1. Between a first residue in the stretch A:386-400 that is outside any loop (DSSP other than H, G, I, E, B) and a second residue that is aliphatic (A, V, I, L, M), which pairs have beta carbons less than 6 Å apart while being 6 or more apart in sequence or on different chains?
2. Just one of (1) surrounded by 14 or more Cβ atoms within 10 Å (Cβ to Cβ); (2) modelled with pLDDT of 95 or more; (3) hydrophobic (A, V, I, L, M, F, W, C) trips up A:I7, so point out which.
3. Just name the residue that is surrounded by the most Cβ atoms within 10 Å (Cβ to Cβ) out of those in the stretch A:105-156 that are of a type in the set (K, R) and more than 13 Å from chain B (Cβ to nearest Cβ).
4. Given A:K234, A:K268, which one is in the same structural domain as A:V69 (by TED's automatic domain parsing), free of Cβ contacts under 8 Å to residues at least 60 places away in the same chain, surrounded by fewer than 24 Cβ atoms within 10 Å (Cβ to Cβ) and of a type in the set (D, E, K, R)?
5. Among (1) more than 19 Å from the chain's Cα centre (by Cα); (2) more than 14 Å from every other protein chain (Cβ to nearest Cβ), which single condition is A:R643 missing?
6. Hey, A:F70 hits all of (1) more than 15 Å from A:V114 (Cβ to Cβ); (2) among the aromatic types (F, W, Y); (3) in contact with a strand residue (DSSP E or B) (Cβ under 9 Å, 6 or more places away or on another chain) but one; which does it fall short on?
7. Give me the pairs: first residue in the stretch A:671-686 and facing chain B (nearest Cβ under 7 Å), second residue of a type in the set (A, V, I, L, M) and part of a helix (DSSP H, G or I), beta-carbon distance under 7 Å, and six or more apart or on different chains, which are they?
Amino acid sequence: MSLTENIHIGRPTNRVDGRLKVTGQAKYAAEYPAADLLHGAIVGSTIAAGRITALNVEPARQVPGVVEVFTHENRGKAAWLDRSWRDEVAPPGHPFRPLHSDRILFDGQPIALVVADSYEAARDAASLVSAEYEVREHCTELERKRSEAYVPPEKRSGIPPPPDPRGDPEKAFEDAPIKISRDYRVNAEHHNPMEMFGTTCVYEGNDKLTIYDKTQGSQNAQGYVTSVFGLKSKNVRLINHYVGGAFGSALRPQHQLFFAVMASLELKRSVRVSLTRSQMFHIGYRPDNYQTVSLAADREGRLRSIMHDAVASTSHYEDYQEAVVNWSGMMYHCDNVKLSYRLAKLHTPTPCDMRAPGAAIGVTALECALDELSYEVGIDPLEIRRLNFASKDENTDKQFTSKALHACYREGAAAFGWDKRKSVPRSMQDGHDLIGWGVSTGMWDAFLQKAEATAKLSADGKLEVSTAASDIGTGTWTILTQIGADAFGLPLEDVTARIGDSTLPTSPVEGGSWTAASNGSAVQAACEAAKETLFKHAKKMANSPLADSEFEDVAVSGGCIFRIDDPGKRLAISEIMHAADLEEIEEEGKVGPDLLQMMKYISYTHSAVFAEVRVDEELGIVRVTRIVCAAAAGRILNPKTARSQILGGVVMGIGMALHEEAMTDHRLGKIMNHNLAEYHIPAHADIENIEVIFVDEHDEKVSPLGVKGLGEIGIVGTASAVANAIFHATGKRVRDFPITIDKLLAA
Amino acid sequence: MNRFDYVRPDNVSDAIRALATGSSKVLAGGTNLVDLMKYDVERPGRIVDINRLPLKEITPTAEGGLRIGALVSNTDLAWNDDIRRQYPLLASAILAGASPQLRNAATTGGNLLQRTRCYYFYDPSTACNKRDPGTGCSAIGGVNRIHAILGASPDCIAVHPSDMCVALAALNASVDVEGPDGKRSIPFSDFHRLPGSEPQRDNTMSSGELITAVVLPPSDFGANYTYLKIRDRLSYAFALVSVAVGLTLKADAIDEARVALGGVAHKPWRDTAAEELLRGQRPDTQLFLKFADQVLTPAHGQGENNFKIELARRAMVRALHQAFAGTPQDQSVKSVQ
């Protein structure tokens, strides 16, 4: 089949849902209408630790239009056992149960839900709910809890703990002629997707619900609802057709889902609950962290020892974990490695996966440290990375299914003009601006997850492909349409993709950059199965021109199935269906990891990020004037949406380097900059030239489609490339992210 | 957000009558008031929507200046030909602020009356003397990297967030207000106030008064001026420090100098005694540093914002160089000139 040409895969293709989105026709969770809809507003605690001793909800009940005020004293019934509250991606611990008791474990923790017949009445009444507390001592400051850090006793599923040490890293460090040991920190970040969390729960009678929810996994959220509320699976349908960004924050069901469903079941009405922007700061976040990286090298720059320790924040009720330090054991060749990762409990909500969880902060620290080491050795920062290239994963002793990182270095450097770099810091200047160039390597997992899909071919030749995937702005609608179209040689408009619905074929949550590889491959498998069924019917027809053909000999295009070597031998799909008395052919496709292959091989996406900054040193102002991100990500299905993924990741990386941080008043245990005016992400003006390069990388092992995924690799390495460029410009090394004006002036 | 009554008067006297009840609030562009209502910081019993009042004109004054109606939008003001020709400092300052969408909605009067961006003021679960007098100031000893280095009090360390007002302070504008007791004109330097023991009062307007216009006297700062704004990102961020400069030159020396600072105090900060240091002097970095040191003599950091003192010093020197050289900061150019 590979002989037929792909018309759509590999071609820059506009989003099939683009027009719906820009014309406002794409509906998001909180936009679905329902008859007699009620509106909920959440009230948050004003302390970070303690107990509620009294709640005054009477003024709220007096507001015209208020239907009910739920608190821990009258909330609806829900599951008793912890495990009933654990969703697919939950870390070990006791999942948060809204209104479960009078205990307060973080600021802004929901203490009441006001339900009213209008959003305005609900908001008004919510502002009138007050509570009295028995205040307990809280701590939101990781620094103060570092000494109590612990290795999480129970591992989070899917997150590899740091590998055992190899070699003798302490002695190698001691003996090496050149070494550094540095402390880094990336301040806590909040996802802040454009779309606020919202759920519209439509009550269909008899505990039957249709739920529109902002989630990255319709089936994960549906499973949570049925488990928490003891509902029959067939009675709960959860839809997430469009998701206005998420970055990992919607992997786990957030509490507005619980509230909408709880109120709906209790009141036997349809209920909508949305979070406000401020309340978005009281859900998961990228953990605060302190990291120490110690590197030693010989005089040529070959790594002799790598030690990387990280302490990251978690909540008092769950042990959130991510792979922060593991990267330091596999990005470069080194025989002596020691990696450690510990947690410290704070009075915050449980952190949650945020774009490239773990790597985004861990690789940042490693890549800054390696840059520092390159200056100690006196070697070009790109050269030290090439010199220490790892040709296998030394953590697991497995081969990479592919690793075109050298091509990333080469093509990225050429596009950037790295060879013109002056090696000495502070050697490039233009007016008030010092100019600096920095580089970093990036790395992220390339997963294939279990996924299922169906393909349904109609007699008129049109195709529908279905899988319960989510599109969080990544382009899933479009690539699945492209894959279906190429399988049957159809124009895009003859293919309909169906995603974002828990009733569709089984899909993992949309995360980890695995959707294109997993759901894409499942759709392709379903299409192949449908094509094979079509072929069997074609073969069976009287006087079939394909009677002597094998499936491998034929292709489908232009509404016909034909021999590739003799296209005159053909049959129309409509003819075949008519002869077989069929209106449609529907088949399933399934994919999953090849466990046998996984004994020997492991897959990653790689990148090289080059950054140019201009620093007005006197005023501490940094501008990132150029980024070149060269990525090796296997097969690129849609260069247009793929590029957008990298652009978004790079912008977020610039935010990590220069802007984003939750500012917490530790006396109060409160985040103070809880809005988008004061929690800074890059504005358009902060983003200048970003060039994206996809290097050739052919990988038949990583996934049936040869795809690796791109959602996360763009952020990994960007912050470190920027920080390294700032050092090159100024000779100042700031190790505490974001690198703001005050830190540069003090450096 | 609470329930409220809403009225939309057609003329100024009806508006003033409507404002007579204590819990009324004026709605113009709404870019700040509506946010504050969503945060339950403002809970007005009545909204007086003044958008139908005839206050949208920019007209010449007999003295040769301009009178700007209170409802002229920030965008219209910044791009008005007379403003751009005679008061480019004002146009530049406006364009350094907010975003085009906000400037389209925001009005001249509203810009003067915008509230501080102090994090604590915006969070009703915290103590704040400006929001709830007598409760204390949480910003002292708290998250205060954006707070005041000049003119603060033990009761409040908030700063005024406007860019436009910094230029108006340098231009010696005045504010026309009208209330139950008639009309009056307030010099710009007297309009906003320092927090003292009454930080709930941002300005010297009386209860029930309405801004009708901002009046600009004739200006000679068309050639040697600048508005330099230093912030945490290149757009849509409030100033950490901003500097408005207007100079007139005589031969190679400075004749008159006006320098106003934003982002550093509860009001746009002028030090007219320090400005006198510049008069008759030939400009150089040493002179500018001497001036900046004089302005910052009373400066006092709160911990996280200590850096703003040095940043203000450097920003003043750079801005004075820009103004003297006749190369004002272009708000569409990202690098600082």
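The values are calculated or read from the model by the stated rules, or taken from the named source; none is laboratory data. In this text, all values refer to a predicted model and were calculated from it rather than measured experimentally. With ideal geometry, Cβ positions are generated from the backbone for all residues, glycine too; neighbour counts draw on all protein chains shown.
1. A:D393/A:M330; A:D393/A:I602; A:K398/A:I602
2. Checking A:I7 against (1) surrounded by 14 or more Cβ atoms within 10 Å (Cβ to Cβ); (2) modelled with pLDDT of 95 or more; (3) hydrophobic (A, V, I, L, M, F, W, C), the one that fails is (2).
3. The first filter runs over the stretch A:105-156 and keeps only residues of a type in the set (K, R), leaving A:123, A:136, A:144-146, A:155-156.
From what's left, more than 13 Å from chain B (Cβ to nearest Cβ): A:136, A:144-146, A:155-156.
Values: A:R136: 14, A:R144: 12, A:K145: 17, A:R146: 12, A:K155: 14, A:R156: 19.
Per the criteria, the residue is A:R156.
4. Details: A:K268 fails: free of Cβ contacts under 8 Å to residues at least 60 places away in the same chain.
Sole residue among the options that is in the same structural domain as A:V69 (by TED's automatic domain parsing), free of Cβ contacts under 8 Å to residues at least 60 places away in the same chain, surrounded by fewer than 24 Cβ atoms within 10 Å (Cβ to Cβ) and of a type in the set (D, E, K, R): A:K234.
5. (1)
6. Exception for A:F70: condition (1).
7. Hits for this filter: A:P682/A:V651; A:P682/A:I654; A:D686/A:I654.
To keep it simple, each residue is scored yes or no on (1) more than 30 Å from A:T730 (Cβ to Cβ); (2) of a type in the set (S, T, N, Q); (3) surrounded by fewer than 23 Cβ atoms within 10 Å (Cβ to Cβ).
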site: A:I561; (1), (2), (3): yes, no, no
site: A:H578; (1), (2), (3): yes, no, yes
site: A:L582; (1), (2), (3): yes, no, yes
site: A:I602; (1), (2), (3): yes, no, yes
site: A:F610; (1), (2), (3): no, no, no
site: A:V615; (1), (2), (3): no, no, no
site: A:A632; (1), (2), (3): yes, no, no
site: A:N638; (1), (2), (3): yes, yes, no
site: A:A657; (1), (2), (3): no, no, no
